[in-house]
Each structure stands twice: as structure tokens, then as C-alpha cells.
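The values are calculated or read from the model by the stated rules, or taken from the named source; none is laboratory data. Remember, it's a predicted structure, so these values are computed and weren't measured experimentally. All Cβ positions, glycine included, derive from the backbone under ideal geometry; neighbour counts span all protein chains shown. With ligands, DNA and RNA removed, areas are computed over all heavy atoms of the protein, side chains included. Shrake-Rupley method; radii C 1.70, N 1.55, O 1.52, S 1.80 Å.
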Amino acid sequence: MEVLERVAFYVMAVLAVISALLVVVNRNPVASAMSLVGAFLAVAGLYLTLNATFLSAIQVLVYAGAIMVLFLFVIMLLNLEREPFDLPGIGRIAGFGLSVALLFSLISLALGAVARPETSARGGSGAEIGDVFFSDYLFPFEMASLLLLVAMVGVIVVARRRKPEEEEEEQA
Amino acid sequence: MITVVDYYVVASILFAIGALGFLLRKNVLVMFMSVELMLNSANLVLVASAKSFDLARGSAFALVSVAVAAAEVGVGLAIIIALFRLKATVDAEEITNLRG
């Protein structure tokens, strides 16, 4: 079992890193979006190795499902073409250096962390998370639903096509 | 033995890749995808840490952050659509209205 856990972790970790790199490297936005699905699924696998089964299912449903469909819809709506390749300028070299510095500082921070014994009081199953949400965290739970409602209304207002007379009003 | 430190390292790499994409790419959509990647790595740290305390509570935290991410993606993509209607481009270097 121990070996199996290790293998599962390393496979998922490598998959996550490779697909994340593909998101950044691909010049076609649709290919980037597809690699992002791979990254989300690999993170869902990492949640599974942590025994967070419910969160893993939610990750697949919400991220790999809903959010990616939204991304693909927008990419196809905007009808984008491939980005042309251009030589890296000073800004991009600086950005690269900055993210490499970020990588090393984050990893050194991570390696400095002390691994506590993994003695979780409760597991990550749907029933146990439901227990938490409907007792201690009822208010944040309701606020999340309010947030989603407000976001939905906001999205409709921002993205709707304006009538010509309204645009004239805005210009004036 | 896989410990929480291994998860931290993976999350660090994912976060750095997200930052790399955000800084290097010019397509606003791909920049947004990189932000999602960074958000995901933060969630991973949250859940991995929760393993040593109370996984149910940590998962609940992560679940709320997923809900926030879903709302954020909706609003962000709506803004990108509005931006595209206005400018007919998603190139971050051509959207310079706020530049003095």
C-alpha cells in the first residue's frame, strides 16, 4: 500500500507540473485550455491521495467541468488565432527571472516546513464536510450562495450586448 | 513516506508556473488560466495542511474557495468579452487605456 501511495503521488505530481507547463507554453489558446483540464484533473488526483474524496469530485465537476467549459466557450466566441512568436524582450526576461526566483524561494520555504504527524480528526468524505458546513460554517456557506448569485447578475450586466441608444447615452 | 512537505513542493512548482504564465503571456485569456493554476496550488496547500489537523474543516475551506473561484472566473470572462467588444483584441499589450 505504501508503495502504491508513493507511485500515485508521483504520477499525479508529474502530470500536474507537465500539463501546467503546457498551459504556459502552448501558443494556441484552445490547446492551453485542454492542458489546463489535465492540470485540474491531476490536482484532483492529488486530493485523492490526500483522502479528500469529496473535494476531488468537486474539483473535477467545478474546475474540469464548469470552469473549463466557460473558458472554451469564450475562446470560441472570441475566435482567436495562434499567437505569433516574438523574440523575448527585456520585460519577458525580467518576468522569467522573477518567476524562477519565486520558485526557489517557495521551494526553500516548503522544505523548511516541519511535517506534523497526519492525525486528522475527521476524514474528507461528503458526510463529514456536510457536518462541518451545516453546523459551524453555516454562515460562510450561505454567503457563498449569495456570492454566486451576485456574480451571476454581474456577469449578465457586464457581458450583455448594449442597445445602440444605450451606447449613445454612455458616450454622452 | 509522502509527507505534507512533498505536497508543498508540488504546489510551489505549480504556483511558480502560474506566475510564469501570467508574466510572460500576452493573451489575456491565457493569463487568466495561469491565475486559475495559482489558485489551485493554493488550494492544494490548504488541503495538504488540513491533513494534520482536521481534513473535513480544511476541505470545507477549500470548497468555499472553489465557489469563489467559480464566481471569479464568470466575472473575469465577462470582463474579457466586454473588453474584446471594445478593443477587438485580447492582447494585453494593446489594452493601454489606463496608461498615462
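See the values below:
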{"item": "Per-peptide average of other Cβ atoms within 10 Å, ordering B:47-59, A:91-103, A:30-42 highest first", "result": "B:47-59, A:30-42, A:91-103"}
{"item": "Mean Cα-pair separation over length for chain B, i.e. relative contact order, pairs under 8 Å, 6 or more apart, %", "result": "27 percent"}
{"item": "Rounded if a/c under 1.5, otherwise prolate or oblate - region A:32-82, Cα gyration tensor axes", "result": "oblate"}
{"item": "Rounded if a/c under 1.5, otherwise prolate or oblate - region A:1-56, Cα gyration tensor axes", "result": "oblate"}
{"item": "With Cα atoms, 0 to 90° folded angle of helix B:4-24 axis to chain B main axis", "result": "0 degrees"}
{"item": "Accessible-area composition of region B:4-87, carbon plus sulfur, in percent [1.4 Å probe]", "result": "80 percent"}
{"item": "Per-residue HN-Hα couplings for region A:136-150 [Karplus 6.51, -1.76, 1.60; θ = phi - 60°; Hz; x = Gly/Pro]", "result": "7, 10, 5, 5, x, 5, 5, 5, 4, 5, 5, 4, 5, 5, 4"}
{"item": "Set of lysines near B:Lys26 by C-alpha distance (under 27 Å), chain-local residues within fewer than 8 positions excluded", "result": "B:Lys87"}
{"item": "Cα centroid separation, region B:36-100 to region A:58-107 (Å)", "result": "12 Å"}
{"item": "5 angstrom amide H check on A:Gly124, placed H, neighbours 5+ away", "result": "A:Thr53"}
{"item": "Degrees between helix B:28-50 axis and first principal axis of chain B (Cα, 0 to 90, nearest 10)", "result": "10 degrees"}
{"item": "Global size of the protein assembly as shown as Cα Rg and Dmax, reported in angstrom", "result": "20.1, 70"}
{"item": "Cut-off under 5 Å, modelled amide H: who pairs with A:Ala113 long-range", "result": "none"}
{"item": "Accessible area buried at the A-B interface, both sides summed, 1.4 Å probe (Å², nearest 100)", "result": "6900 Å²"}
{"item": "Amide H within-cut-off set for B:Asn27, under 5 Å, with H built and near neighbours excluded", "result": "B:Ala92"}
{"item": "Translational D in µm²/s for region B:4-87 (Stokes-Einstein at 37 °C, 0.692 mPa s, Kirkwood Rh from C-alpha pairs)", "result": "236 µm²/s"}
{"item": "Kirkwood Rh in Å, taken over all unlike Cα pairs in region A:1-133", "result": "17.7 Å"}
{"item": "Value of relative contact order over region A:1-159, rounded to a whole percent, pairs C-alpha under 8 Å and six or more apart", "result": "20 percent"}
{"item": "Surrounding net charge for A:Glu5, when Lys and Arg each add one and Asp and Glu each subtract one, Cβ distance under 14 Å", "result": "-1"}
